[in-house]
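The block underneath contains the structure these notes are about, expressed in structure tokens.
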């Protein structure tokens, strides 16, 4: 039996989570948009500087809300990277869009902005860059192209809360952005997300869509004397108990970011020489980016080596995982006309990338053990 049992991820309490959940219960408001929902929204708006932050039940639902705000019609196209989680594409496919897959850069593994313009057609309705591992895409170029073609940009910022690009927070550069508070993220409430709106004209309709298509938010603010069905929508509000859990984590922002930066830097320092000798690729962070320290990955030589590494580490009680399978190779991707070879960097990286254990309370002793075993591989 291995001497250790180190999971890939472990949800962590950071502060007053249980206190705030109890407070929500005692106040008698545990449904959406209670005191803690408002506190979380106000916190995000104040720190990030976005015009509006709306908590949702998941990042997937935040993406779906952005699709509804675009009024997508059958045949409209949305450009997404192939190397991303299925929600990035599915949220728009669900509302009739044709998904157009972009390849990624080999250094940051973000959308390759040099290929973007060639993918734009008269039917392109949105561009959805994903800030992989919390390192910013080349947003200056992406926004210049998008603005020239009058195409909205929706940042999928599930990995990058509080990261920056040229001193601007990720998620505040496009017209909209989405966040994830899933248990694998830096800040969590188990399941949750947020839609950030940087263009004020989207706010009134976004509130209606989020409240089942009604103007209920205006009613509770005293702006109307009754609320009614105004538009399409659904129920995207998280429980205020979850918001209480999340607010406790946001309060510990500096502590969480500091500890995660130490984990990332410990991996990088401990593995840099070994990786150089072995020809293993470690994460790259552009000089104009401040990352969120969301994950640490390695890119091995081959699929066979990657799988052998995962099995070796598992035998030592350390659980490492691979990441995305290219969406353009999926059954759904092929329904949009995609085929092998369309996104060669995504196909190559997907076969070789492995993620190391990374969570808020990963101890120095566990990290030392992980690194010691990697050096033996």
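Numbers for the structure displayed
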read-out: Criterion violated by residue 95 - all others in (1) in contact with a strand residue (DSSP E or B) (Cβ under 8 Å, 6 or more places away or on another chain); (2) more than 23 Å from residue 161 (Cα to Cα); (3) assigned to a loop (DSSP other than H, G, I, E, B) satisfied; value: (1)
read-out: Residue match in segment 336-345 (condition: out of contact with any strand residue (DSSP E or B) (no Cβ under 9 Å at 6 or more places or on another chain), in the same structural domain as residue 295 (by TED's automatic domain parsing), more than 21 Å from residue 270 (Cβ to Cβ) and buried (at least 17 other Cβ atoms within 10 Å of the Cβ)); value: no
read-out: Matching option when the condition is surrounded by 21 or more Cβ atoms within 10 Å (Cβ to Cβ), in contact with a helix residue (DSSP H, G or I) (Cβ under 8 Å, 6 or more places away or on another chain), closer than 18 Å to residue 369 by Cβ and not assigned by TED's automatic domain parsing to the domain that holds residue 59, among 313, 300; value: 313
read-out: Search result, residues across segment 150-174 that are touching a strand residue (DSSP E or B) at 6+ places or on another chain (Cβ under 7 Å) and farther than 26 Å from residue 192 by Cα; value: 151
read-out: So residue 122, is it surrounded by fewer than 22 Cβ atoms within 10 Å (Cβ to Cβ) and either touching a helix residue (DSSP H, G or I) at 6+ places or on another chain (Cβ under 9 Å) or farther than 18 Å from residue 160 by Cα (or both); value: yes
read-out: Condition check for residue 54: buried (at least 23 other Cβ atoms within 10 Å of the Cβ), in contact (Cβ under 8 Å) with a residue 40 or more places away in the chain and under 29 Å from residue 234 (Cβ atoms); value: yes
read-out: Selection status of residue 169, surrounded by 22 or more Cβ atoms within 10 Å (Cβ to Cβ), more than 12 Å from the chain's Cα centre (by Cα) and touching a residue at least 40 places away in the same chain (Cβ under 8 Å); value: yes
read-out: Sole exception among (1) touching a helix residue (DSSP H, G or I) at 6+ places or on another chain (Cβ under 8 Å); (2) surrounded by fewer than 17 Cβ atoms within 10 Å (Cβ to Cβ); (3) in a loop (DSSP other than H, G, I, E, B) for residue 284, by number; value: (1)
read-out: Hits in segment 1-51 (condition: touching a residue at least 24 places away in the same chain (Cβ under 8 Å), closer than 17 Å to residue 172 by Cβ and surrounded by fewer than 16 Cβ atoms within 10 Å (Cβ to Cβ)); value: 47, 49, 51
read-out: Qualifying position, being in a helix (DSSP H, G or I) and exposed (fewer than 15 other Cβ atoms within 10 Å of the Cβ), among 259, 268; value: 268
read-out: Unique match (being touching a strand residue (DSSP E or B) at 6+ places or on another chain (Cβ under 6 Å) and either in a helix (DSSP H, G or I) or surrounded by fewer than 23 Cβ atoms within 10 Å (Cβ to Cβ) (or both)) among 68, 63; value: 63
read-out: So residue 88, is it part of a loop (DSSP other than H, G, I, E, B), touching a strand residue (DSSP E or B) at 6+ places or on another chain (Cβ under 6 Å) and surrounded by 18 or more Cβ atoms within 10 Å (Cβ to Cβ); value: no
read-out: Elements of type helices (runs of 4 or more DSSP H) in segment 135-248, at least 3 residues being modelled with pLDDT of 95 or more and within 30 Å of residue 112 (Cβ to Cβ); value: 139-148
read-out: Residues located in segment 98-127, provided they are over 19 Å from residue 289 (Cα atoms) and part of a loop (DSSP other than H, G, I, E, B); value: 103, 120, 121, 122, 123
read-out: Residues within segment 356-377 that are outside any helix (DSSP H, G or I) and buried (at least 18 other Cβ atoms within 10 Å of the Cβ), tallied; value: 6
read-out: Subset tally (residues that are touching a strand residue (DSSP E or B) at 6+ places or on another chain (Cβ under 6 Å), in a loop (DSSP other than H, G, I, E, B) and either assigned by TED's automatic domain parsing to the domain that holds residue 313 or under 24 Å from residue 210 (Cα atoms) (or both)) for segment 1-54; value: 2
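The values are calculated or read from the model by the stated rules, or taken from the named source; none is laboratory data. This structure is a prediction, so every number in the text was calculated from the model and none was measured. Every residue, glycine among them, receives a Cβ derived from its backbone with ideal geometry; neighbour counts consider all protein chains shown.
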